Amino acid sequence: MPIVRKVVTVGASRGVTLPKSWIENIERESGRPMTEIAMEIDRKITIEPILKKERKKCEARESTKK
């Protein structure tokens, strides 16, 4: 069953907030801070945490897609 979150207005944009407990859980399990997210948009919006030391891996993944 999907988790439903409301879309909120943030300045001139719109966004979706994540509960603090979700982020804390990801950080606790990985042992690293979550500083950003990666989004994939293809009929669905999929978000994935980017953990501090993982950024280079994500950038390398993006460069191989091009």
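A short reminder: the numbers here are calculations on the coordinates, not readings from a lab. Source: prediction; values computed, not measured.
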Worksheet item: Amide H of residue 38: which non-local residues (sequence gap of 5 or more, or other chain) have their own amide H closer than 5 Å, using H built in the peptide plane?
Response: 48, 50
Discussion item. Quick check: residue separation of residue 42 and residue 12 times 0.36 nm, minus the Cα distance between them. What number comes out in nm?
Written reply: 8.4 nm
